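Asks: Below is a structure I'd like to ask you about.
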Amino acid sequence: MKTIDDIFLNRTSVRRYERKPIEAEKLEFIYKAIQNTPTSYNGQQFSVVSITDQDLKLQLYELIGQKQIKTSAVFMVFCVDFYKLQQFAQATGTDFPRFQDTMDGFMVGVIDAALAMQNAVVAAEALGLGSCCIGYTRTAAPAELAKILRLPEGVCVICGLSLGYASEQPDLKPKLPLPLVIHENHYRTDDIKPELLAYNEEVTAYNAVRSGDKTTNDWGRHIVDYYQTAMKYDMEQYTWNQGFRIKKEKA
């Protein structure tokens, strides 16, 4: 397996994969890493749909539009899941409060699912596999995806993850400097603009010379442009349809 340094400090998102399946024992290791995810109150408010069928991956690729879905050995869809606890409550005659209809409940599920996906990423990296988290899984066509995956009420998609043997080695992207990420004892209130602008220039320079597709994108404007696009996603209606009817709490 890879060293801790390689796993955490040299990880890159891999979007091109060899046409090679993941061995059963390696996939089982990833599944067990997901299973052992730390979750809120051990409620395990998440589930994963693991897709190995190539025809289904192609169908999802057509829907979501990310090429790494169709070329991956396995495509995993991580979901918030309150359906299982609802089923337990029905089986035992236990009153089930609709925790998922609160912002805190929804966040609990999102955090559980995100932690599970990170466990999968770390496990895959340790085994020498490549991975790529795909947020468009959640936003491209959520209602259609829910139908294809047969998600019951109380379950909705948070993110996708492609896995496979890498056929590329992307350059390591520059990240925000530690003083902008780690705030010791209290959040920084000094002027951080010069550091942000310097980092923006670093990303611009990286994008111009990186291996693979080169762009003229910077960091900040590129992300803000994405926010403008993302404002159009109707995630409220999708989550409502999937049984997460979040209402503003009464004062």
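Asks: Of the peptides 113-120, 193-200, how do they stack up when ordered by the mean number of other Cβ atoms within 10 Å, highest first? Present the calculation step by step, with values, prior to reporting the outcome.
Replies: Numbers: 113-120: 21.1, 193-200: 12.8.
Highest to lowest by the protection proxy: 113-120, 193-200.
Asks: With the calculation restricted to Cα positions, what are the radius of gyration and Dmax of the chain in angstrom?
Replies: Answer for the chain, Rg first and Dmax second: 19.8, 62 Å.
Asks: Let me ask something additional. Given the pairs 67/173; 67/232; 67/147; 84/147; 67/247; 2/175, which are separated by over 26 angstrom at their Cα positions?
Replies: On the way: 67/173 20 Å; 67/232 23 Å; 67/147 21 Å; 84/147 18 Å; 67/247 37 Å; 2/175 22 Å.
In this structure, 67/247 lie more than 26 Å apart at Cα.
Asks: OK, next. Over the stretch 1-120, what per residue volume does the convex hull of the Cα atoms give, in whole Å³? Walk me through the numbers on the way to the answer.
Replies: Details: hull volume 18.7 nm³, N = 120.
Each residue corresponds to 156 Å³ of Cα convex hull volume.
Asks: Counting alpha carbon pairs within less than 8 Å and at least 6 residues apart, what relative contact order, in whole percent, applies to the chain? Spell out each step's value before the answer.
Replies: Details: 359 pairs, mean separation 67.3, N = 251.
Once normalised by length, the contact order is 27 percent.
Asks: Another one. Give me the compactness ratio for the stretch 120-225, meaning the Cα radius of gyration over 2.2 N^0.38 Å.
Replies: Numbers: Rg = 18.3 Å, N = 106, 2.2 N^0.38 = 12.9 Å.
Ratio of Cα Rg to 2.2 N^0.38 Å: 1.41.
Asks: Turning to a different aspect of this structure: Using +1 at the Cβ of each Lys and Arg and -1 at the Cβ of each Asp and Glu in the stretch 156-235, identify which of 162, 182, 229 lies farthest towards the dipole's positive end.
Replies: 162
Asks: Still on this model: Using a 7 Å offset from the Cα along the Cα-to-Cβ direction at both residue 233 and residue 13, what is the distance between the two label points in nm, to one decimal?
Replies: So the two model labels end up 1.2 nm from each other.
Asks: Also, quick follow-up: Based on DSSP H runs of at least 4 residues, each adding -39500 (n - 2.57), what is the mean residue ellipticity at 222 nm of the chain after dividing by all its residues, to the nearest 500 deg cm²/dmol?
Replies: Details: 12 runs with 118 residues, N = 251.
-13500 deg cm²/dmol, from helical runs alone.
Asks: Taking H as built 1.01 Å from N, whose amide H comes closer than 5 Å to the amide H of residue 46, not counting residues under 5 places away?
Replies: The answer is 81.
Asks: With a sphere of radius 14 Å drawn around the Cβ of residue 216, what net charge do the other residues whose Cβ falls strictly inside it have (Lys, Arg +1; Asp, Glu -1)?
Replies: Working: positive: 210, 214, 221; negative: 201, 213, 218, 225.
Around residue 216, the charge tally is -1.
Asks: Measure of size requested: the Rg and Dmax of the stretch 175-249, with Cα atoms as the atom set and Å as the unit; please supply both.
Replies: That works out to 18.0, 49 Å for Rg and Dmax.
Asks: In debye, nearest 20, what is the charge dipole magnitude of the stretch 47-95 about its Cα centre with +1 on Lys and Arg Cβ and -1 on Asp and Glu Cβ, if you could check?
Replies: On the way: 4 positive and 5 negative charges, 41 e Å.
For this selection, approximately 200 debye.
Asks: How high is the relative contact order of the stretch 175-251? Use alpha-carbon pairs under 8 Å, at least six apart in sequence, and give a whole percent. Don't jump to the answer; show the numbers that get you there.
Replies: Numbers: 25 pairs, mean separation 13.2, N = 77.
Relative contact order, the stretch 175-251: 17 percent.
Asks: Across 10 Å bins from the origin, how do the percents of Cα pairs in the stretch 20-71 run, short distances first?
Replies: Taking every Cα pair in the stretch 20-71, the percentages come to 21, 37, 34, 9.
Asks: Let me ask another. Lys and Arg at +1, Asp and Glu at -1: add these up for the other residues within a Cβ distance under 15 Å of residue 110 and post the number.
Replies: Numbers: positive: 138; negative: 81, 101, 104, 112, 236.
Result for the neighbourhood of residue 110: -4.
Asks: For residue 5 and residue 118 in the same chain, what is the full-extension length gain: residue separation times 0.36 nm, less their Cα-Cα distance, in nm?
Replies: Values: separation 113, 0.36 × 113 = 40.68 nm, distance 1.60 nm.
Result for the pair: 39.1 nm of gain on full extension.
Asks: Would you kindly state how much longer the chain becomes between residue 183 and residue 31 on full extension, computed as 0.36 nm times their sequence separation minus their alpha carbon distance, in nm to one decimal? Spell out each step's value before the answer.
Replies: Numbers: separation 152, 0.36 × 152 = 54.72 nm, distance 3.39 nm.
Gain in length upon complete extension: 51.3 nm.
Computed from the coordinates by the stated procedures, all read-outs in this text should not be read as laboratory data. Predicted model only: the values in this text are computed from it and were never measured. Cβ atoms come from the backbone with ideal geometry, glycine included; neighbour counts cover every protein chain shown.
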